[in-house]
Every structure is written in structure tokens, then in C-alpha cells.
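Undergrad: Have a look at this one before I ask anything.
A short reminder: the numbers here are calculations on the coordinates, not readings from a lab. These numbers were taken from a predicted model, which means no experiment stands behind them. For neighbour counting, all protein chains shown are included, and Cβ atoms are generated from backbone atoms with ideal geometry for every residue, glycine included.
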């Protein structure tokens, strides 16, 4: 019934403009207030470039501000956007993102990411550095109507410089503590007024901030490099073509997890994350009369290796390796047009993708793990016939092929009527996912005769029987689903306040379903226990797949301008009803495994406010605050009911403020001096579903000072000036508590040059 009412409301409001449009003349429409569904260019093909004129909460960071704040990735962007949080822990594969209380630590993201129109499909490839950023944009609220899967809470868009923005050479050198070194060099050349080429390379090295006391070496060392080739060509006034090719190589340690009771990072096996990424995106737009036809074609490839000391202890328990090779292709074709003297604008498109992934995820049991987790548990049950593994190390192998694909049809219409603008969007997605799996384990153990039942086993105990273990389990799984995601928005342009408006938006978003590949090692462990007469057996069909997660977002807000736009204020209130929540739960039976399942329902409400003020020339103040109250409506993990508890890992408050003062200079060699102070705060963050553990609200103070000439600049920066101690992550493993510290005081120098 609730779903029916939502759809009815959207249809009624969506048809309202059609009913009344005949009574309105073109002269009555205030077309100068803002642009929506703008003329297509290769920068933004779908969404509005003027967020403050639309029914959306958006944050835009331009080039100068991103350079001043040192933004090179989406983690840096999350520090300044309200209700947008990316904790810095683990390694770059983590990419955990929370927006307005909604997010997930595992598998599918809740936020989409595009870089130069390339929509990144796999969140394992979200966290990478980008050199020469032209702008960064963050839209909050569901964007599924235009962008489909995994954009249920928002969209991040990054645009890089093109040879139409700048010509010549650009260079950057950054030096900081812990052997931090960053180097960027870009060449931007315009062959003539219709074509240009940009080649940009970057290198980054960090010696690490945290040491492993086991070997006295840094655990979070990192080296990465990136190359980007961007080609722009406008063969005619009506045709525009852009192709961007990006490659990235990463070698990273990561996983600076300290044990809570000792306060030390202390584990014996190597942890690392290695990754290679290749992305290519071709955008073509062609204006045919009053229509604009756009095609966006992408190729994405990721080849990575995550290897973990899975117990994070100085004992040889077990390790996990996850090697993945994935290739994806996408095609998005859309057409845009207008009618009624521009009062009615529309966009329609078809989207398709195919994704193929090969994954090897072996778990290696080592000597102490075999003794403590297998032999000890088995021999307690039957001490008269105890067992002992013949080899002190064996592998639980898991191999997967994961092809998936989908197709979508979408449409958006916008109509302006006097001071009102209506927009209705509809999208229909179909996706199919398959998995071919092969699990195997070849090992052996010996059963001994121990009449006394006294353990440990005597060295001269007679052999009762030798047992070879040859486990193999394979299968093919497939499931598909159909998703319909509507969205409605209404904007009222305030006639008494220039460039200001009030808005209402209602929309549905979804996060794709998937497979619990991480559970197959537990499946093998259970089968192994069956060999020894212990444990139960998983039903693979029940634990492997999980359905999409859906949410309805209700939002009201305002974009206000005062004093000839010297003071800009954006305010929004939201309510999110999340259905089929994807949650990490403990399956039935005696196991330490975890799986993703559709076990819960949550609701989230809150608000955001952003203020930009330029009271006088050279001085600006930017501030934003976000509040989120996200709680479980329904969640029983099999033993406890967490109804009413706050969602773990999602912060209740986010705060950012920056004051910047630019002093113009009259000297020939110096153009201006810029001094900036900023403060960012996050918290409270609850670490578990029972809300017994949390990271309290904390704040970080930073500052920059730069000296700028027309051709070069020198910047000195500092982060966490107050040396605030805080933690970015907490978890439990095998009864032990672990957490990761946040970054300490950091400072450095950045040299930029243009020539």
C-alpha cells in the first residue's frame, strides 16, 4: 500500500504540468532564473551543471579550492561535504562510503562515481589519486533515475583539466613527513581551435605512519603512479568528441590494525594490496537540429591482489589472498530535446553493461591455526581417538567466475510554469548475475588410539587410521531482478529573492544485489568438520546470494542568495526509508563466518546546511554542517533484536568550516598571498549494532599559506595541528578487538609551476 501511494503521488504531480500547460504562455515563464537539462557538452551529459537551481543538495569544489585543500581523491572530498563520510582505514580496496547514514563496508557501494564521464562500476577502484582536477561535485540523494545501480544515496563526479581549459605545462612537487613525495607533470597542447591533447603523469610515495612491532617496519607504506591521456576534438560546431584513457598502478601495505588491549600493531604475516587499473571513456555528442544525441562508451579493467594476515596476531593462524581480474564494458546512449519555446525539456536513454570477473580467494591454514582451531576443537569432543594433521599447512581453495550484465531504459521530463519547475524521471533496470564456483581442499590427517583420553597426545601413541581429505564442490548459480525507480521534484523560484528557490523531491534508489564469495571458505570449513564428525552443513543456495537494497528519499530544501550573492545558503531536510537492507550477519551454526543478507530495514532523517560568504574582497568563509539520525527499524541477527539502535559506522554529525584571506600584491614577481584556516569534525560513530562502543565527536584543525605568482606558487600546509587522537575503524576477530588510529600531525610543502 505504501509503495502504491508513493507511485500515485509521483504520477499525479508528474502529470500536473501537462494539465495546466495549455494555460501558460512562454512570456509568463521566468527562463532567466537557472538552467536545467542544459545544452549537452562533454563535461556533464546528464545532470544539471547549476545545482543551486535544481531540486538537489549538491556541493561543488572548483580547481582553486581543491588545490588549496590538497584534494586528490574522494576521501579528501568527504572531509568538506555535509553528511558524506569515507573513513581512512585498511587499504585503498576498502572504499567504504556513508551518505546520510546509508552505506556498507562490503560489496556494493551506495554512491556512484564518474571521472570524465567514465562511470566506475567496481568500488574496489574508487580510491585512486587524480592529478589536475578541474572540479569535484557531490550530489546527495538518489540519482538512480539517470545513473542506475549503486547511486541510491548520491553521485560523485570528477572532471579533469582539458587542453581547452589550459595549454602548456603544469608541474607539482609535494614533500612531507614519513618520506612523503608527490610529483605531477602534465602537458596540454591545442593543435588548433578544434582539437587538443593532454598527457598527465603522477607519482606518489608514502613511507608510512604506523609500525608493526613484530618486525619494526611500517605497515602502511605506499607507492602509486598514474597516467592520463585526454583527447578533445570538435570536428564541427555540432559535434564534440572526448576520449580519456587512464592507467594506475598501486603497491600498498595498509591494514594498520592495532589490538585494543595492547595498543600495538603486531602481526606476523605480510599484508598488502596491489592493483592495476585501466579505464577508457569515449564521449560523443552530436546536435541534430533541436536535438542532441550523446553516446558514452567505457572500458574498465582491474587486476588486483589483496593478501591479509587474517587474524592480525603474531601467531601463524591463517592468511587470506583475493586475486581478481575484472573487465567491464558499458554503453550509454541518450537523446535530449526541447519544445514549447524551451519550457518543456526532456531526456531519454538506454544503458547497458557487461562485467566479467575471475577471482581466486584461497585461505591458508597454518600451524597454530590448525592446532588451535581444528585439532583442539575436534579432540575435546573425542579425546580417545584424537587427530593430528599430517602437514602443518593446507589451503582451502575458492575459484570463481562472476559474469553479470544489465540493460536500462530511462527518461526525464522538465516543465516550467511561471515560478514553478516540475521534473519527473522514470527508469527501468534489468540485471542478471551468474556465478560459477569451484572449491577444493587436498590434505590429510591421522587418527590415533589414545585409551587414556589424556591430552596432549603421547608421542608414541599408536596410529588408528590415516584419513585423506579430497574436497571438491562446484556449481553454477544465476539470478536476475527488475528494478523500477521513479523520481519527482518541484522547484519554486522565489520572485522576491533573486536566484533563490524552494524545492521538494521524492525519489527511489537501489543498490545492486550480489554473491557472498567470502562465505565459501566457511563452506569448505564446515565440510571439513563433517569429515571429523563435527559441525553442520551450509545450504549454498541460501547463503550465497543477496537481493538489491532499495530506499525512498523524501527531501525539502532551499537555495538562497542574499546581498547580491555575497551570502549563499543551502538548507535541506531529508527522510530515508531503506528496504531490504543489506547487512552483515552471522549465519546459523558454530562458525566465525559472515555473510551479506537482506535482513533489515532502517530509517534515516536529518538535515544539512551550507553557507558561502564573501563579505569583502579577498575574504571568504565557507561552512557546512550535516546531522543524521539513522536507526534500525527491523534487524534481528538471530540472537538479538537491534530495533531502535543507531547504524554502526555512520557518523551522526559532520562539520567543516574554512576561512580564506587573499592579499593582493603590487610587486612584479608576486601576484597574491593566500592564508587559509580550516576545521573538520566527525562523530559520534558507533562501532557495533548494540551501540556499546563508539568514537566520540572529534575535530581536526588545518591551515595553509601560499605565495603565488602568475607562473608559480609555494604552499605550506599543516593537518591535525591540535594532535587530536581518534580512531577510524573498529572490528572484532576471533574474540579479539582491533582498531585503526587516525592520521597524526602532518605538514608539508607544495610547489606548483605553469610554463
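Undergrad: Estimate the FRET efficiency between residue 714 and residue 251 by the formula 1/(1 + (r/R0)^6), using the beta-carbon distance for r and 25 Å for R0, to the nearest 0.05. Walk me through the numbers before you get to the answer.
TA: On the way: r = 30 Å, r/R0 = 1.20.
Given R0 = 25 Å and the Cβ-Cβ separation, E is 0.25.
Undergrad: Under the rule a/c < 1.5 gives rounded, and otherwise a/b versus b/c splits prolate from oblate, where does region 379-538 land using the Cα gyration tensor? Don't skip to the answer; put the middle values down first.
TA: Numbers: a/c = 6.13, a/b = 3.46, b/c = 1.77.
Because a/c hits 1.5 or more and a/b exceeds b/c, region 379-538 counts as prolate.
Undergrad: Please work out whether region 47-114 counts as rounded, prolate or oblate from its C-alpha gyration tensor, where a ≥ b ≥ c are the square roots of the eigenvalues and a/c under 1.5 means rounded, while otherwise a/b larger than b/c means prolate and anything else oblate? All intermediate terms of the calculation are to be shown ahead of the outcome.
TA: Details: a/c = 2.23, a/b = 1.30, b/c = 1.71.
Because a/c hits 1.5 or more and a/b fails to exceed b/c, region 47-114 counts as oblate.
Undergrad: For residue 723 and residue 736, compute 0.36 nm times the residue count separating them, minus their Cα-Cα distance, and round to one decimal in nm. Walk me through the numbers before you get to the answer.
TA: On the way: separation 13, 0.36 × 13 = 4.68 nm, distance 2.76 nm.
Extra length from residue 723 to residue 736 when fully extended: 1.9 nm.
Undergrad: Based solely on its DSSP helices, what 222 nm [θ] is calculated for the chain when runs of n ≥ 4 H residues each add -39,500 (n - 2.57) and the sum is averaged over all residues, nearest 500 deg cm²/dmol? Walk me through the numbers on the way to the answer.
TA: On the way: 7 runs with 57 residues, N = 755.
Per the formula, -2000 deg cm²/dmol.
Undergrad: If packing is taken as the average count of other Cβ atoms within 10 Å, what order do 664-674, 136-146 fall into, highest mean first? It would help to have the intermediate numbers written out before the result.
TA: Numbers: 664-674: 12.2, 136-146: 25.6.
Final packing ranking: 136-146, 664-674.
Undergrad: Tell me, in nm to one decimal, what length is gained between residue 690 and residue 467 on full extension, where the rule is 0.36 nm per residue of separation less the Cα-Cα distance? Before the final figure, lay out each step's value.
TA: Numbers: separation 223, 0.36 × 223 = 80.28 nm, distance 4.38 nm.
Roughly 75.9 nm would be gained on extension.
Undergrad: Moving on. For residue 237 and residue 339, calculate 0.36 nm times their separation in residues minus their Cα-Cα distance, and state this gained length in nm to one decimal.
TA: 34.5 nm
Undergrad: Got the relative contact order for the chain handy, in percent, Cα pairs under 8 Å and 6 or more residues apart?
TA: Working: 2096 pairs, mean separation 81.6, N = 755.
In percent, rounded to a whole number, it is 11.
Undergrad: Same structure again: How would you rank 257-269, 405-417, highest first, on the average number of other Cβ atoms within 10 Å across their residues? Display every interim value, and only then the final one.
TA: On the way: 257-269: 17.6, 405-417: 19.9.
The densest-packed peptide leads the list: 405-417, 257-269.
Undergrad: I've got another one for you. Tell me, what is the percent relative contact order of region 606-755, built from C-alpha pairs under 8 Å that lie six or more residues apart? Show your work: numbers first, answer last.
TA: Values: 351 pairs, mean separation 23.4, N = 150.
Here the relative contact order equals 16 percent.
Undergrad: Quick one: order 312, 183 by neighbouring beta-carbon count within 10 Å, fewest to most. Spell out each step's value before the answer.
TA: Values: 312 23, 183 16.
Result, fewest neighbours first: 183, 312.
Undergrad: Rounded, prolate or oblate: pick one for region 108-251, where a ≥ b ≥ c are the square roots of the eigenvalues of its C-alpha gyration tensor, a/c under 1.5 means rounded, and failing that, prolate if a/b is larger than b/c, else oblate. Spell out each step's value before the answer.
TA: Values: a/c = 2.94, a/b = 1.32, b/c = 2.23.
In terms of gyration-tensor shape, oblate.
Undergrad: Taking every pair of alpha-carbon atoms in the chain, give the share separated by more than 52 Å as a whole percent.
TA: Numbers: 44313 of 284635 pairs.
That fraction is 16 percent.
Undergrad: On a 0 to 90° scale, report how tilted helix 520-531 is relative to the longest principal axis of the chain, with both axes built from alpha carbons and the result rounded to the nearest 10.
TA: So the inclination is approximately 10 degrees.
Undergrad: Tell me the Kirkwood radius of region 246-316: reciprocal of the mean inverse pair distance over distinct alpha-carbon atoms, in Å.
TA: Values: mean 1/r = 0.0623 Å⁻¹.
Result for region 246-316, one decimal place: 16.0 Å.
Undergrad: What's the angle, to the nearest 10 degrees (0 to 90), between helix 2-20's Cα axis and the longest principal axis of the chain?
TA: Roughly 20 degrees between the two axes.
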